[in-house]
2 protein chains.
Amino acid sequence: MTRQVHIGGVALGGGAPVRIQSMTTTPTSDAEATLAQIARLAEAGCEIVRVAVRDEADARAIRAVKDRSPLPVVADIHFSAKLAVLSVENGADKIRINPGNIGGEAKIKLVADCVRAHHVPVRVGANTGSIEREYFERFGRSARALVESALHGAALLEKYGVEDIVFSVKASSVPLTVEAYTLLAACTDRPLHVGVTEAGTRESGVVKSSVGIGSLLLRGIGDTIRVSLTDDPVEEVYAAKRILRACGLERDFVDVIACPTCGRCEWESMGLAQEVERLTFGAKVRRKIAVMGCVVNGPGEAKDCDLGIAGGRDACVLFKKGEIVRTVPRSEAKEEFLREVRACLEGREE
Amino acid sequence: MTRQVHIGGVALGGGAPVRIQSMTTTPTSDAEATLAQIARLAEAGCEIVRVAVRDEADARAIRAVKDRSPLPVVADIHFSAKLAVLSVENGADKIRINPGNIGGEAKIKLVADCVRAHHVPVRVGANTGSIEREYFERFGRSARALVESALHGAALLEKYGVEDIVFSVKASSVPLTVEAYTLLAACTDRPLHVGVTEAGTRESGVVKSSVGIGSLLLRGIGDTIRVSLTDDPVEEVYAAKRILRACGLERDFVDVIACPTCGRCEWESMGLAQEVERLTFGAKVRRKIAVMGCVVNGPGEAKDCDLGIAGGRDACVLFKKGEIVRTVPRSEAKEEFLREVRACLEGREE
């Protein structure tokens, strides 16, 4: 069990649900564009949003963004204590810095005093690209170097009384990421922000993030997750939701079980499965729905589903909780099943 | 270290590389269509292919498929000892059965005698849908029930001298899948076929399979993997390749590192990253190429890349092994970088 910190109104760690976060791709100084993107991220299920702070205009724009943002806003800062302070003064709910590159002890004290006064937590993020020279020389590009770098960064803040610290130790290598977080989790009870950095385009990035973040979550490691994709950040949120669901960490959603189809499949189950998934992706109810290619294994393999359909040469079989309820002609199967799906979502019998 | 078996000419387990497999969706009796799909699967990187055997026509067609298949062929059989024997007699390189539902001891002996005579391994596959009644009643829908079911199935074959056995214990729940394989790996040294069953459509199925299969591979569990998607099986092979790569189990490929882009990004790195990924996906050389959104973190965060580019407001920076080699105007950056990528693949200097 990790300690708990609060990012605005959102509790992180200490038994709170694993939070989904993402990062805007707009220039933060363009508050309107940033807010429009935040609205889309929130709608998709994002719970915490990070914005890049490149300069004073970005830092000052946090005020306008915060005024209308439905999500707590985290300021992402590199190198500049001044921008860190300015971001917090303009309402940032959390900052992400690397204390090792903020410019020495006096500047760290400046940031520490500011975040303490505003009760704003700090994420200390070590990346394989920003390992402290000392640890890089001693331990190379390793899990140990990442963890020592992060702990050292936190110690600099702790010295000046900062208590609410979140850690991350991301690498673009998945095994290294998993190893680093596993080591880190054994060294600290602070909440962990988990992700694979520079994971790449959607197709490979989703796989890397799923393997890395998923492995850690299944080991009980991770309080907030960020999927990094070179894509629309809304896709990061969808992928993050799917990872939480796969790990059994989101209860209220519709799990669509669909068989891969094989030579036994005698109808077009693929299109229907996709349609059921689209129809149910956003629903916040706990259901399990099966779309199976053939009658032989369908009802049996989907015993614990609230609702299911299995195809056959002439007719499809509808089943509920593993019991066949009726058969329907193939020509009517799709419409009939989608009606049943809607009824199932609403908790009524069709 | 697991024992090794051979599926045709492909070694499985015992230190052999983790093998990618998939399953055709064509009626196996249509040998031409099945062979066309197998050719596409092989081209994508599939190493073992499974075909559904529903009836005698399918079983007999294995002969024609095998004659021209570039991949070893596994016959997928449910309930019928007769079809199992007929498949092996027609050249199947492995069969997948559930000995518990094959129809009693005499029929198991029939199958066992046949596979021993032909030196064909058997996969004993327990699924949450096919747990032996006895174990389901004792242990419910649990990891223990899956594992006991599989071990019991294998014991039926072992009794009649079958030695080459591969196990699978798939569930549609990812945590249950991971728990079951982890338990199984502690109970046996036989090779394991790893997958999440009925994982669903491409988008959620890739995530479920990545989390489940990836977690197991990172724990050293798994000798062959199958990604199950309700989609073109070629997509299963691509996803499987990406999982192996993410887990560090494929050495010779191009790892494209791309940052998620943020408010710091001043050029169109997303499109370029996608193009680089497409261009390099099939290449069998070990390279790491970075496409980074901004100059500030680009070269630093991608220190260990063979080649990289980081964008800026006016010009982009090209780097190799973390050293900046030159800047190029934004208008020429894409073409220039793609030329460098091609040179990098060929191991020559551009």
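The values are calculated or read from the model by the stated rules, or taken from the named source; none is laboratory data. Everything numeric here is computed off the predicted structure, so don't read it as measured data. Don't worry about glycine lacking a Cβ; one is built from the backbone with ideal geometry, like all the others, and counts go over all protein chains shown. The area values use the complete protein model at the heavy-atom level, side chains included, leaving out ligands, DNA and RNA. Shrake-Rupley method; radii C 1.70, N 1.55, O 1.52, S 1.80 Å.
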- Is it the case that A:G263 is open to solvent by 20 Å² or more (accessible area, probe 1.4 Å), under 26 Å from B:T26 (Cα atoms) and among the small types (G, A, S)? no
- Message: What's the total number of residues in segment A:114-139 that are in a loop (DSSP other than H, G, I, E, B) and open to solvent by less than 60 Å² (accessible area, probe 1.4 Å)?
- Response: 4
- Message: With the structure loaded, tell me whether B:G103 is assigned to a loop (DSSP other than H, G, I, E, B) and either open to solvent by 40 Å² or more (accessible area, probe 1.4 Å) or under 20 Å from B:H193 (Cα atoms) (or both) or whether it fails that test.
- Response: yes
- Query: Is there a residue in segment B:243-265 that is within 30 Å of A:H78 (Cα to Cα), within 33 Å of the chain's Cα centre (by Cα), within 12 Å of another protein chain (Cβ to nearest Cβ) and charged (D, E, K, R)?
  - Reply: yes
- Task: For A:L71, indicate whether it is within 14 Å of chain B (Cβ to nearest Cβ) and out of contact with any Phe, Trp or Tyr (no Cβ under 6 Å at 6 or more places or on another chain).
- Result: no
- Query: Only one of A:N90, A:N98 is among the polar types (S, T, N, Q), open to solvent by 10 Å² or more (accessible area, probe 1.4 Å) and more than 13 Å from chain B (Cβ to nearest Cβ); which?
  - Reply: A:N90
- Kindly indicate whether any position in segment A:39-62 is basic (K, R), within 24 Å of A:L156 (Cβ to Cβ) and more than 14 Å from every other protein chain (Cβ to nearest Cβ). no
- Could you list all residues from segment B:48-63 that are open to solvent by less than 40 Å² (accessible area, probe 1.4 Å) and either farther than 14 Å from B:R226 by Cα or assigned to a helix (DSSP H, G or I) (or both)? B:A52, B:V53, B:D58, B:A59, B:A61, B:I62
- (1) touching a Pro at 6+ places or on another chain (Cβ under 9 Å); (2) in a helix (DSSP H, G or I); (3) more than 25 Å from B:G153 (Cβ to Cβ) all hold for B:V111 apart from (3)
- Message: Taking the conditions exactly as written (assigned by TED's automatic domain parsing to the domain that holds B:D223 and either under 25 Å from B:A155 (Cα atoms) or open to solvent by less than 10 Å² (accessible area, probe 1.4 Å) (or both)), does B:V18 satisfy them or not?
- Response: no
- Message: List the residue pairs whose Cβ atoms are under 9 Å apart, where the first residue sits in segment B:125-142 and is in the same structural domain as B:G195 (by TED's automatic domain parsing), the second is open to solvent by 50 Å² or more (accessible area, probe 1.4 Å) and in a loop (DSSP other than H, G, I, E, B), and the two are 6 or more positions apart or on different chains.
- Response: B:T128/A:K303; B:T128/A:D304; B:T128/B:R141; B:G129/A:K303; B:I131/B:R141; B:R141/A:K303; B:R141/A:D304
- Task: Sort out which residues of segment B:184-214 are more than 9 Å from chain A (Cβ to nearest Cβ) and over 24 Å from B:T25 (Cβ atoms), and write them in order of number.
- Result: B:L184, B:A185, B:A186, B:C187, B:T188, B:D189, B:R190, B:P191, B:L192
- Query: Which condition number in (1) away from chain A (no Cβ under 14 Å); (2) open to solvent by 20 Å² or more (accessible area, probe 1.4 Å); (3) at negative phi is the one that B:S142 fails?
  - Reply: (1)
- Query: Taking the stated definitions as given, is B:D67 in the same structural domain as B:I165 (by TED's automatic domain parsing), surrounded by fewer than 21 Cβ atoms within 10 Å (Cβ to Cβ) and more than 30 Å from B:L218 (Cβ to Cβ)?
  - Reply: yes
- Filter result for B:C265 (farther than 20 Å from B:C344 by Cα and in contact with a Gly (Cβ under 6 Å, 6 or more places away or on another chain)): yes
- Task: Test each condition in (1) more than 7 Å from every other protein chain (Cβ to nearest Cβ); (2) within 18 Å of B:F281 (Cα to Cα); (3) open to solvent by 10 Å² or more (accessible area, probe 1.4 Å) for B:V237 and report the one that comes out false.
- Result: (3)
- In segment A:117-136, how many are more than 10 Å from chain B (Cβ to nearest Cβ) and over 21 Å from A:V85 (Cα atoms)? 4
- Query: Out of the residues in segment A:193-236 that are acidic (D, E) and at pLDDT 95 or above, which is farthest from B:K208 (Cα to Cα)?
  - Reply: A:D223
- Task: Please give the number of the condition B:A11 fails out of (1) surrounded by fewer than 24 Cβ atoms within 10 Å (Cβ to Cβ); (2) within 14 Å of chain A (Cβ to nearest Cβ).
- Result: (2)
- Message: Quick check on segment B:40-47. Is at least one of its residues more than 25 Å from B:L244 (Cβ to Cβ) and open to solvent by less than 10 Å² (accessible area, probe 1.4 Å)?
- Response: no
- Message: assigned by TED's automatic domain parsing to the domain that holds B:Q21 and within 24 Å of the chain's Cα centre (by Cα): which single residue out of B:D76, B:D55 fits that description?
- Response: B:D76
- Please work out if A:L217 is open to solvent by 10 Å² or more (accessible area, probe 1.4 Å), within 13 Å of chain B (Cβ to nearest Cβ), among the hydrophobic types (A, V, I, L, M, F, W, C) and within 29 Å of B:G282 (Cβ to Cβ). no
- Determine which member of the set B:T201, B:T182, B:T230, B:T188 is among the polar types (S, T, N, Q), on the phi < 0 side of the Ramachandran plot, in the same structural domain as B:H118 (by TED's automatic domain parsing) and buried (at least 24 other Cβ atoms within 10 Å of the Cβ). B:T230
- Query: If a residue has to be in contact with a helix residue (DSSP H, G or I) (Cβ under 9 Å, 6 or more places away or on another chain), modelled with pLDDT under 85 and open to solvent by 10 Å² or more (accessible area, probe 1.4 Å) to count, how many in segment B:300-347 make the cut?
  - Reply: 7
- Condition test on A:T28, is it buried (at least 24 other Cβ atoms within 10 Å of the Cβ), touching a strand residue (DSSP E or B) at 6+ places or on another chain (Cβ under 9 Å), part of a loop (DSSP other than H, G, I, E, B) and touching a residue at least 12 places away in the same chain (Cβ under 8 Å)? yes
- Message: Looking only at residues that are surrounded by 20 or more Cβ atoms within 10 Å (Cβ to Cβ) and not charged (D, E, K, R) in segment A:266-279, which one is farthest from the other protein chains (Cβ to nearest Cβ)?
- Response: A:W267
- Task: Could you tell me whether any residue of segment A:75-83 is aliphatic (A, V, I, L, M), open to solvent by less than 20 Å² (accessible area, probe 1.4 Å) and assigned to a loop (DSSP other than H, G, I, E, B)?
- Result: yes
- Query: Which members of segment A:59-88 meet the condition of being charged (D, E, K, R) and in contact with a Lys or Arg (Cβ under 9 Å, 6 or more places away or on another chain)?
  - Reply: A:D76, A:K82
